[in-house]
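Peer 1: Quick one: the structure is below, questions incoming.
The values are calculated or read from the model by the stated rules, or taken from the named source; none is laboratory data. Note that this is a predicted model, so its numbers are computed, not measured. Reconstructed Cβ throughout: ideal geometry from the backbone, glycine too, with neighbour counts over all protein chains shown.
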Amino acid sequence: MASKLDALNRWVDEIARLTQPDRIHWCDGSEAEYQALVELMLDTGDLTELNPATHPNCYLHRSNPSDVARVEHLTFVCSANAEDAGPNNHWMAPEEAHRKIDALFAGCMKGRTLYVIPYCMGPIDSPLARCGVEITDSPYVVANMRIMTRMGEAALARIEREGSFVKGLHSIGDLDPAKRFIMHFPEELTIKSIGSGYGGNALLGKKCHALRIASWQARQEGWLAEHMLILGLESPQGETHYVAAAFPSACGKTNLAMLIPPAAYPGWKVWTIGDDICWMQPGPDGRLWAINPEAGFFGVAPGTSRNTNPNALAMLDRDAIFTNVAETADQQPWWEGLPDGKPARDWQGRDYDPANGPAAHPNSRFTVSARQCASWSPRAEDPQGVPISAIIFGGRRESLVPLVFEARDWKHGVLVGAAMGSETTAAATGAVGVLRRDSMAMKPFCGYNFADYFAHWLSFDRPSAKLPKVFHVNWFRKADGKFVWPGFGDNMRVLEWIVGRCNGSVGAVETPIGNLPRREDLNLAGLPLGDAQLDLLLGVDREGWVREYAGIAEYLDSFGARTPVELKEEHARVRDELAAPAAAPRAAVG
Ligand code: O2Y
Ligand code: MN
């Protein structure tokens, strides 16, 4: 009798013929299987054991030094029509891409095991979740996928029920950067990745499936796949608002998702639903309901400490995989920003010598199950997801952009998200302080033309919709070379204002760029901020914003005729308001 797994079996056979592995292993996702993989990797040297007394079941993986981060210049969207990928993606014709990459896959698994990983992105019984199958020759990928996704038998059973899944083929190849490609075929719901064993290039459930392929699917099916954290903010009265927030990489998403409210907030609680990816769909009540498709965190280690993210640090003392961190003399993991301990060996296993640069690689990572996070929300497992009250966009801007503002409506919010930008940090590129537009923080991850993506966002504004309010935040304003806003736990003060705007309990002042809190609208108690600093954080420099809007116009025009007219009209509305003589500020409440 025909089974809905026939298509999967045929695909596995076809890939085995191409890649010629010595063995095929279907992953069941069990603890025993995980332990066997760990043993295997300890034998091959792919993993070393960390101090079992301080860090039980924790392991260190050192990747090839030429393979330490995502490779945007080698990442392609291979849609039939180049225009559908848009200027925001590298494009290759599907036929050429398959030919090129399949030549690299030919025979690449000789002497290796081919692992078949069925996985589910999202709670296994959620209608918002989607399944995939990754084929890989890397046991490190299997172990990480077990932490990051719902992997194994339950996922396979769902695939058998539904008959559909995203196909992901991965091989480390020979780790030669000249033979490295990450290719997406959205029309075929297929990903092919070769030549890298690292993070987003190799754990195909994450950026490749849950963002690039899912964003394409989401457009067709009427939902959103976003590069956003999700958190719940619970008041002392027990009312919880859920917030989704998009920031470019290296802006502290994991820290915000796990924030611990400061002493000025007794009885408040932040619940973590996700730190990186959010899938949202309109529910029958018109609200957007969100799930985190992931089951773990692949967080950046440097900078994570008791001071910046105590919840993250606490979950890293057991059952975790560390990649490219340094080690202390007694085999504890170490990275820059940890106040205790000191490195004995760097991320490449060399005796630590500051002349060689940082001890831990700046993009070194931890992989850990979300269940180990003290602020992990029980609602993260809710198949229906959580209702989103607010969407926050944010970037790293040293000047101009205030601490927080509220878009006046959804259309304005889409413009604010599309116009988002961040200044580069040395860790990211070497060129410091260059403004890069990164719409909705999706520049590296949107699987189709940004112009169509903006139109898709606008399309949610329907008469029956009860859409979230949209905000923009900037924790990174500087004066005299120093950050003005303390950030971290004190970002709670901004979250409180945002939630207050959602339930109509706090005020704001209307300006052309949006509604801003007045000093009396924010809880600033105990903060060492003087008048000049508050003016900087809560003021609107109209001339600066006129220039900013000229830059935004150029950016929107760069997507050509597909850019939605509605978005250009919204831009013109704000631009004209900025150019008009300033009216007396109007308070806006509710
Ligand atoms: O370099 C990589 O492969 C990891 S990048 C990453 C990992 C976790 C969450 N977000 C990101 C990102 O670049 O946005
Ligand atoms: Mn990310």
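Peer 1: Counting only residues that are assigned to a loop (DSSP other than H, G, I, E, B) and under 20 Å from residue 111 (Cβ atoms), which one in region 171-203 is farthest from ligand 2 (Cβ to nearest atom)?
Peer 2: Here the answer is 174.
Peer 1: While we're looking at this one, here's another question. Does residue 338 satisfy the criteria of being touching a Ser or Thr at 6+ places or on another chain (Cβ under 8 Å), away from ligand 1 (no atom under 16 Å from the Cβ) and not in a loop (DSSP other than H, G, I, E, B)?
Peer 2: no
Peer 1: Here's a follow-up. Given the residues 248, 236, which is the only one that is assigned to a loop (DSSP other than H, G, I, E, B), within 13 Å of ligand 2 (Cβ to nearest atom) and more than 21 Å from residue 168 (Cβ to Cβ)?
Peer 2: It is 248.
Peer 1: Within region 522-533, can you find the residues that are of a type outside the set (S, T, N, Q) and touching a helix residue (DSSP H, G or I) at 6+ places or on another chain (Cβ under 6 Å)?
Peer 2: 522
Peer 1: Let me ask you something else. If you scan region 215-253, which residues turn out to be closer than 26 Å to residue 425 by Cβ and of a type in the set (Asp, Glu)?
Peer 2: Correct list: 226 only.
Peer 1: Do you know which residues across region 148-179 are hydroxyl-bearing (Ser, Thr, Tyr) and closer than 17 Å to residue 190 by Cβ?
Peer 2: Residues satisfying the conditions are 164, 171.
Peer 1: For region 397-407, state whether one or more residues are touching a Ser or Thr at 6+ places or on another chain (Cβ under 8 Å), within 16 Å of ligand 2 (Cβ to nearest atom) and within 20 Å of residue 517 (Cα to Cα).
Peer 2: no
Peer 1: Being in contact with a Cys (Cβ under 7 Å, 6 or more places away or on another chain) and among the charged types (D, E, K, R) is the filter here, so list the residues in region 440-481 that pass it.
Peer 2: Residue satisfying the conditions is 469 alone.
Conditions (1) over 21 Å from the mean Cα position of the chain (by Cα); (2) hydroxyl-bearing (Ser, Thr, Tyr); (3) at pLDDT 95 or above, marked per residue:
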position	(1), (2), (3)
160	yes, no, yes
165	yes, no, yes
175	yes, no, yes
198	no, yes, yes
205	no, no, yes
214	no, no, yes
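Peer 1: Further question: Please list, ordered by residue number, the strands (runs of 3 or more DSSP E) wholly in region 482-590 having 1 or more residues that are modelled with pLDDT of 95 or more and acidic (Asp, Glu).
Peer 2: 507-511
Peer 1: Which one of these does residue 277 not meet: (1) among the aliphatic types (A, V, I, L, M); (2) closer than 23 Å to residue 335 by Cβ; (3) within 13 Å of ligand 1 (Cβ to nearest atom)?
Peer 2: With (1) among the aliphatic types (A, V, I, L, M); (2) closer than 23 Å to residue 335 by Cβ; (3) within 13 Å of ligand 1 (Cβ to nearest atom) applied to residue 277, the lone miss is (2).
Peer 1: A follow-up question, please. If you check residue 386 against the conditions, is it crowded, with 20+ Cβ neighbours inside 10 Å, of a type in the set (Val, Ile, Thr) and touching a helix residue (DSSP H, G or I) at 6+ places or on another chain (Cβ under 8 Å)?
Peer 2: The answer is yes for residue 386.
Peer 1: Checking the conditions here, which among 219, 306 is among the charged types (D, E, K, R), away from ligand 1 (no atom under 16 Å from the Cβ) and more than 29 Å from residue 336 (Cα to Cα)?
Peer 2: 219
Peer 1: Out of 120, 131, which single residue is of a type outside the set (Gly, Ala, Ser), in contact with a Pro (Cβ under 8 Å, 6 or more places away or on another chain) and within 25 Å of residue 275 (Cβ to Cβ)?
Peer 2: Being of a type outside the set (Gly, Ala, Ser), in contact with a Pro (Cβ under 8 Å, 6 or more places away or on another chain) and within 25 Å of residue 275 (Cβ to Cβ) holds for just one of 120, 131, which is 131.
Peer 1: Which of the residues spanning region 238-253 are surrounded by fewer than 23 Cβ atoms within 10 Å (Cβ to Cβ) and within 13 Å of ligand 1 (Cβ to nearest atom)?
Peer 2: Matches in region 238-253: 249, 250, 251, 252.
Peer 1: Can you name the residue in region 305-319 that is small (Gly, Ala, Ser) and not in a loop (DSSP other than H, G, I, E, B) and, of all such residues, is farthest from residue 207 (Cα to Cα)?
Peer 2: Going through the qualifying residues, I end up with 314.
Peer 1: Identify, from the list 487, 504, 500, 481, the residue that is surrounded by fewer than 17 Cβ atoms within 10 Å (Cβ to Cβ) and free of Cβ contacts under 8 Å to residues at least 60 places away in the same chain.
Peer 2: 481
Peer 1: OK, next. Cβ-Cβ distance below 6 Å, separation of 6 or more or different chains: which pairs start in region 300-326 with a residue that is more than 11 Å from residue 365 (Cβ to Cβ) and end on one that is within 16 Å of ligand 2 (Cβ to nearest atom) and aliphatic (A, V, I, L, M)?
Peer 2: 309/258; 311/258; 312/258; 315/368
Peer 1: Show me the strands (runs of 3 or more DSSP E) entirely contained within region 251-304 in which 1 or more residues are among the basic types (Lys, Arg) and farther than 20 Å from residue 315 by Cβ.
Peer 2: none
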